[in-house]
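The values are calculated or read from the model by the stated rules, or taken from the named source; none is laboratory data. Owing to the predicted nature of the structure, the values given are computational and were not obtained by experimental measurement. Every residue, glycine among them, receives a Cβ derived from its backbone with ideal geometry; neighbour counts consider all protein chains shown.
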Amino acid sequence: MSSEAFVLRLQDYREADRIVWLLSNEHGRLSALARGARNSRRRFTGQIDLFQRVRVEFAHRRGQGRLATLTEARALSSYPLLRQDPGRFAIACVVAELLTRIAPEGDIDPALFDCVGLVLETLADEKIAPGLGLAAAAVVRLLTAAGFVTNWIHCARCGRAVPSLEQPERERQPFALEHGGALVCGDCLSPRGTARRLSAADCLWLAQACRRMECAPATTSPGNVIGAAFDVLRGVTSGPLKAERFLFEILR
Ligand SMILES: [Zn+2]
């Protein structure tokens, strides 16, 4: 079988083999054993590396949770900057681990696959500085593509639109993100529920970021918007990502 895929994780196995975790467009997420991958440059052109977009040939495993056998891999986009620049590497680690949590094994999702391509292209763009604003954009875009963020444009209860920056300060309603990812206005916020307060700039950026990949601007609080994205993630997966701590160590 053949497919395009992104390399999410790699682990050396025995003397010469590697286990490769992939998100493919035709077979969903899968893991495969690449026999002799550390020695064979012919079958695994230019070596398989993290976060690459590759074309792979593989023989399917029998049964859920079993390893496929990877027979060939060719890099289509290599994205060297994602492995060389510490900030971009930290964000790409978050993206890869996030995908292993939100993309079920074997589940084919073309919209999510295309979104991963866009996110990695943006992370590898040297004109865009790697910071928490970029990390937040990547997480919000992926959560939206996977269907975990459905509407951050209106209050989830009364339908009031998020404030615009053109509105005078005194007319801007406060908004908050409730546990579980519902965006609500100040009037609808449950007094007992836990929620993350958002400034008008944070709120407006989140509304835009779920529709297109756009770095959080300096007017937002990057710590707050990435926190909002991770709040949503906690609502849908068990426990924080391992890569979260690394991200905050690198991009303080
Ligand atoms: Zn409301």
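General remarks:
- Among residues that are surrounded by fewer than 21 Cβ atoms within 10 Å (Cβ to Cβ), assigned to a loop (DSSP other than H, G, I, E, B) and not small (Gly, Ala, Ser), GLU166 is included.
- When residues of the stretch 104-128 are limited to those that are of a type in the set (A, V, I, L, M) and touching a strand residue (DSSP E or B) at 6+ places or on another chain (Cβ under 6 Å), the one farthest from GLY87 (Cα to Cα): ILE108
Residue-wise test of (1) touching a Cys at 6+ places or on another chain (Cβ under 7 Å); (2) farther than 30 Å from GLU249 by Cα; (3) of a type in the set (A, V, I, L, M, F, W, C).
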| site | (1), (2), (3) |
| --- | --- |
| GLU126 | no, no, no |
| ALA138 | no, no, yes |
| ILE153 | no, yes, yes |
| GLY180 | no, no, no |
| VAL184 | yes, yes, yes |
| ARG196 | no, no, no |
| ALA200 | no, no, yes |
| CYS203 | no, no, yes |
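- In the stretch 145-160, the residues that are within 18 Å of ARG234 (Cα to Cα) form no Cβ pair under 9 Å with any partner that is at pLDDT below 90 and within 8 Å of the ligand (Cβ to nearest atom), whether six or more places apart or across chains.
- Condition met for ASP231 (away from the ligand (no atom under 16 Å from the Cβ) and without any contact (Cβ under 8 Å) to a residue 60 or more places away in the chain): yes
- Scanning the stretch 163-194 for residues that are within 14 Å of the ligand (Cβ to nearest atom) and either touching a His at 6+ places or on another chain (Cβ under 7 Å) or not assigned by TED's automatic domain parsing to the domain that holds GLY227 (or both) gives a single hit, GLY193.
- Residue within the stretch 135-154 that is within 16 Å of the ligand (Cβ to nearest atom) and either in a strand (DSSP E or B) or crowded, with 17+ Cβ neighbours inside 10 Å (or both) present: yes
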